[in-house]
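One structure is given below, encoded as C-alpha cells.
The values are calculated or read from the model by the stated rules, or taken from the named source; none is laboratory data. What you are looking at is a predicted structure, and each value in this text was computed from that prediction instead of being measured. Cβ placement follows ideal geometry from the backbone for every residue including glycine, while neighbour counts extend to all protein chains displayed.
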Amino acid sequence: MDILKINNLFASYGDKEVLKDLSMNIKKNKITAIIGPSGCGKSTLLTALNLMIEENGGNFAGEILFKDKDILSYEKNDIRRMIGIVFQKPTPFPFSIYKNLTYAPIYYGTKDKKELNNIVKATLKEAGLFHEINEDLNMLATKLSGGQQQRLCIARALTVKPEVLLLDEPCSALDIKNTQNIEEMLLKFSQDYTIIIVTHNLAQAKRISDYTAFILDGELIEYEETEEMFTNPKDRRTKEYIEGIYG
Ligand SMILES: Nc1ncnc2c1ncn2[C@@H]1O[C@H](COP(=O)(O)OP(=O)(O)OP(=O)(O)O)[C@@H](O)[C@H]1O
Ligand SMILES: [Mg+2]
C-alpha cells in the first residue's frame with residue numbers, strides 16, 4: 001500500500017524554485033532513502049511532507065496525499081503527529097529525559113501519569129536506550145552523548161505514535177557505533193512505521209533501505225528498489241552519482 005502519494009510537487013522559497021514536478025509514491029512499512037547532492041532539495045521534500053515547509057518560508061504546489069486524502073485537508077497538528085521528523089543535529093529540549101518524552105503526549109492530551117510513564121518506558125525501549133538511562137530519567141537530556149541524544153530524539157518522535165518517520169541525515173553527526181545502533185533500530189522499526197531517510201551515506205542507503213530515490217537539482221531522476229538502483233541504475237546521472245563522480 002502507498003501511504004503517501006506525491007503528485008507533480010513543486011516547492012519554492014520566494015521565487016527560488018527548489019522541487020520541480022516531483023511525483024513518487026511511498027510504500028507503507030518500508031524504508032525509503034532519499035539521496036542526491038547538497039542543495040538538491042532533499043530536506044525541502046521532507047518538510048513539505050509534514051507541512052513544515054511554510055514555517056521555513058517556503059511553499060508548495062501540486063498534491064500530496066496521505067492515506068489517499070489531501071494532506072491539506074488534515075489539521076496541521078494531526079499531520080505533525082502522524083508524520084514525525086528528526087533532524088541531522090540532535091535537538092533534545094533542555095529539560096530532563098522524562099520531560100522530553102512526555103512533552104508531546106501531554107500537548108496532545110495525555111494526562112494520566114501512569115500512561116505517560118508507560119509511553120516513556122516503551123519509547124526508550126524502542127530506541128534501545130532503556131537500559132542505558134532507565135535509572136536516571138531526571139537527567140538533563142543535553143548531558144547525554146551525541147548518539148544517545150539522537151536516539152532520544154527518535155524516541156521523542158515515537159511518543160505520539162506516528163505512522164511515518166522522516167529522518168533528515170540522522171547519523172551524519174555520529175560515529176560508526178552510534179550509526180550502527182540507529183540503523184539496527186530503523187530496521188526493526190519498519191514493521192511498525194514507514195520511514196523516509198535522507199542520507200549522504202550511500203552505503204547506509206544500501207544497507208537499510210528498500211527503495212531509493214535520487215534527486216538532482218530538484219528533479220526526481222530515478223526511484224527504484226534499492227538493490228536494483230545500486231546494481232543497475234537506469235539513468236546515466238544516477239550511475240555517475242553512485243559512482244561518486246559528483247555530489
Ligand atoms: N528556508 C529557506 N529559505 C530559502 N531558501 C532555502 C531555504 N531552505 C533551503 N533553501 C534553498 O533550497 C535549496 C534546497 O535546499 P535543501 O535544504 O532542501 O537541500 P538538501 O538537498 O537538503 O541539501 P543538503 O544535502 O545540503 O542538506 C537550496 O538551494 C537552499 O539554499
Ligand atoms: Mg538537507
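Looking only at residues that are touching a residue at least 12 places away in the same chain (Cβ under 8 Å) and away from ligand 2 (no atom under 13 Å from the Cβ) in region 42-57, which one is surrounded by the most Cβ atoms within 10 Å (Cβ to Cβ)? So that I can check it myself, show each step before the final result.
The initial filter retains those residues of region 42-57 that are touching a residue at least 12 places away in the same chain (Cβ under 8 Å), namely 42-53, 56-57.
Next, only the ones that are away from ligand 2 (no atom under 13 Å from the Cβ) stay: 49-51, 57.
Working: LEU49: 23, ASN50: 21, LEU51: 18, GLY57: 9.
Selected residue: LEU49.
Every residue, every condition in (1) within 17 Å of the chain's Cα centre (by Cα); (2) not polar (S, T, N, Q), yes or no:
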position: SER43; (1), (2): yes, no
position: LEU46; (1), (2): yes, yes
position: LEU51; (1), (2): yes, yes
position: LYS76; (1), (2): no, yes
position: THR91; (1), (2): yes, no
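Just one of (1) small (Gly, Ala, Ser); (2) part of a helix (DSSP H, G or I); (3) over 13 Å from PRO90 (Cβ atoms) trips up GLY128, so point out which.
It is condition (2) that GLY128 fails.
How many residues does region 115-132 hold that are among the hydrophobic types (A, V, I, L, M, F, W, C) and more than 17 Å from LYS188 (Cα to Cα)?
Qualifying residue count, region 115-132: 3.
Out of all the residues in region 230-247, is one or more closer than 20 Å to MET24 by Cβ, within 16 Å of ligand 1 (Cβ to nearest atom), among the small types (Gly, Ala, Ser) and crowded, with 22+ Cβ neighbours inside 10 Å?
no
Tally time: how many residues in region 55-70 are more than 15 Å from GLY41 (Cα to Cα) and more than 17 Å from the chain's Cα centre (by Cα)? Reasoning before the result, please.
In the first step, residues of region 55-70 are kept if they are more than 15 Å from GLY41 (Cα to Cα); the result is 55, 62-70.
Next cut, more than 17 Å from the chain's Cα centre (by Cα) only: 55, 62-63, 65, 67-70.
The total comes to 8.
Hey, among the residues in region 186-199 that are surrounded by fewer than 17 Cβ atoms within 10 Å (Cβ to Cβ) and in contact with a helix residue (DSSP H, G or I) (Cβ under 9 Å, 6 or more places away or on another chain), which one's nearest to MET82 (Cα to Cα)? Can you show your working first?
Our first condition is that a residue be surrounded by fewer than 17 Cβ atoms within 10 Å (Cβ to Cβ); within region 186-199, this holds for 187-188, 191-192.
Next, from what is left, pick out any that are in contact with a helix residue (DSSP H, G or I) (Cβ under 9 Å, 6 or more places away or on another chain): 187-188, 192.
Numbers: LEU187: 20, LYS188: 19, ASP192: 13 Å.
My answer is ASP192.
Restricting to region 55-85, count the residues that are farther than 22 Å from LEU220 by Cβ and among the charged types (D, E, K, R).
Total meeting the criteria: 7.
Can you confirm whether THR238 is at pLDDT 95 or above, within 19 Å of LEU49 (Cα to Cα) and among the hydroxyl-bearing types (Ser, Thr, Tyr)?
Numbers: at pLDDT 95 or above: yes; within 19 Å of LEU49 (Cα to Cα): no; among the hydroxyl-bearing types (Ser, Thr, Tyr): yes.
Spelling it out, it is not the case that THR238 is at pLDDT 95 or above, within 19 Å of LEU49 (Cα to Cα) and among the hydroxyl-bearing types (Ser, Thr, Tyr).
Go through region 100-155 and report how many residues are on the phi > 0 side of the Ramachandran plot and surrounded by 14 or more Cβ atoms within 10 Å (Cβ to Cβ).
Residues of region 100-155 that are on the phi > 0 side of the Ramachandran plot, as a first pass: 109, 128.
Narrowing further to those that are surrounded by 14 or more Cβ atoms within 10 Å (Cβ to Cβ): 128.
Going through region 100-155 one residue at a time, the tally reaches 1.
Does PRO105 count as over 30 Å from GLY36 (Cα atoms), part of a loop (DSSP other than H, G, I, E, B) and at pLDDT 95 or above?
Details: over 30 Å from GLY36 (Cα atoms): yes; part of a loop (DSSP other than H, G, I, E, B): no; at pLDDT 95 or above: yes.
Spelling it out, it is not the case that PRO105 is over 30 Å from GLY36 (Cα atoms), part of a loop (DSSP other than H, G, I, E, B) and at pLDDT 95 or above.
Search region 156-171 for residues being closer than 16 Å to ILE196 by Cα and of a type in the set (A, V, I, L, M), and hand back the single one that is farthest from ligand 2 (Cβ to nearest atom).
Filtering region 156-171 for residues that are closer than 16 Å to ILE196 by Cα and of a type in the set (A, V, I, L, M), the one farthest from ligand 2 (Cβ to nearest atom) comes out as LEU158.
Hey, can you tell me all the residues within region 4-41 that are within 16 Å of ligand 2 (Cβ to nearest atom), of a type in the set (Ser, Thr, Tyr) and loosely packed, with under 14 Cβ neighbours inside 10 Å?
TYR13, SER38
Going residue by residue through region 67-82, is there one that turns out to be within 16 Å of ligand 1 (Cβ to nearest atom) and out of contact with any Ser or Thr (no Cβ under 8 Å at 6 or more places or on another chain)? Even if it seems obvious, please write down each step before you answer.
Kept after step one, since they are within 16 Å of ligand 1 (Cβ to nearest atom), are these residues of region 67-82: none.
Checked against the condition, which is being within 16 Å of ligand 1 (Cβ to nearest atom) and out of contact with any Ser or Thr (no Cβ under 8 Å at 6 or more places or on another chain), region 67-82 yields no hits at all.
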